[in-house]
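The values are calculated or read from the model by the stated rules, or taken from the named source; none is laboratory data. All values derive from a computational prediction rather than experimental measurement. Positions of Cβ are backbone-derived with ideal geometry, glycine not excepted, and every protein chain shown enters the neighbour counts.
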Amino acid sequence: MSTRQSRVEQLLRREIAGALLRGAIKDHRVRQQEMISVTAVRVSPDLSVARVFIDVLEGGPAVSRVVEGLNAAQGVFKRHLGKVLKLRRTPSLRFEHDDSIEQGTRIEEVLAELRQEEGARPASEPEHASESADDGPGDPGDPDAPADA
């Protein structure tokens, strides 16, 4: 990824999040705009398309309706971005749900369950420890043992 691409992604993320906080969208599907978080923006190499990843905090509106509302209002965002950012061409915006936070939470839950299972199991002795105690110097597999003829 180029430096320019990275800078444009950061600018878009900051401006879109700011527009949401200011209540720039009047769509009924995008109520409680303070509950919407812009988690990431990914811009195509030619800077023509930007994928905006959002997540809705618990207790907020349904994610699918919010994504629909934001995609319907993408023209409002694009007009705002065209005024604020000094780009030759303002990228088209596509809003998508970012489920990485949910996936991370699920992974943490599974790891916690595994840790609990490990703590509940009794500590078992290593299998080779009991065998080595029985082995004497006359073990035929021992290379240091004296050869009995």
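So if I check each of Glu108, Glu34, which one is part of a helix (DSSP H, G or I) and at pLDDT below 85? Give the derivation first.
Details: Glu108 fails: at pLDDT below 85.
After applying the criteria, what remains is Glu34.
In the range 1-19, what count of residues is obtained for those that are more than 20 Å from Asn71 (Cα to Cα), out of contact with any strand residue (DSSP E or B) (no Cβ under 8 Å at 6 or more places or on another chain) and assigned to a helix (DSSP H, G or I)? Give the derivation first.
Looking only at the range 1-19, we keep the residues that are more than 20 Å from Asn71 (Cα to Cα), and these are 1-7.
Then keep just the ones that are out of contact with any strand residue (DSSP E or B) (no Cβ under 8 Å at 6 or more places or on another chain); that gives 1-4, 6-7.
The next check asks that each one be assigned to a helix (DSSP H, G or I); those that pass are 3-4, 6-7.
So the answer is 4.
Would you point out which residue out of Lys26, Lys78 is of a type in the set (D, E, K, R), free of Cβ contacts under 8 Å to residues at least 60 places away in the same chain and in contact with a Leu (Cβ under 7 Å, 6 or more places away or on another chain)?
Numbers: Lys26 fails: in contact with a Leu (Cβ under 7 Å, 6 or more places away or on another chain).
The unique qualifying residue is Lys78.
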Name the one entry in Arg89, Arg79 that is closer than 20 Å to Arg4 by Cβ and modelled with pLDDT of 85 or more. Arg89
Across the range 1-59, what is the number of residues that are surrounded by fewer than 18 Cβ atoms within 10 Å (Cβ to Cβ) and touching a Ser or Thr at 6+ places or on another chain (Cβ under 6 Å)? 1
Qualifying residue in the range 95-107 (condition: in contact (Cβ under 8 Å) with a residue 60 or more places away in the chain, surrounded by 15 or more Cβ atoms within 10 Å (Cβ to Cβ) and in contact with a Leu (Cβ under 6 Å, 6 or more places away or on another chain)): no
Which of the residues that make up the range 20-35 are over 15 Å from Ala73 (Cα atoms) and touching a strand residue (DSSP E or B) at 6+ places or on another chain (Cβ under 8 Å)? Met35
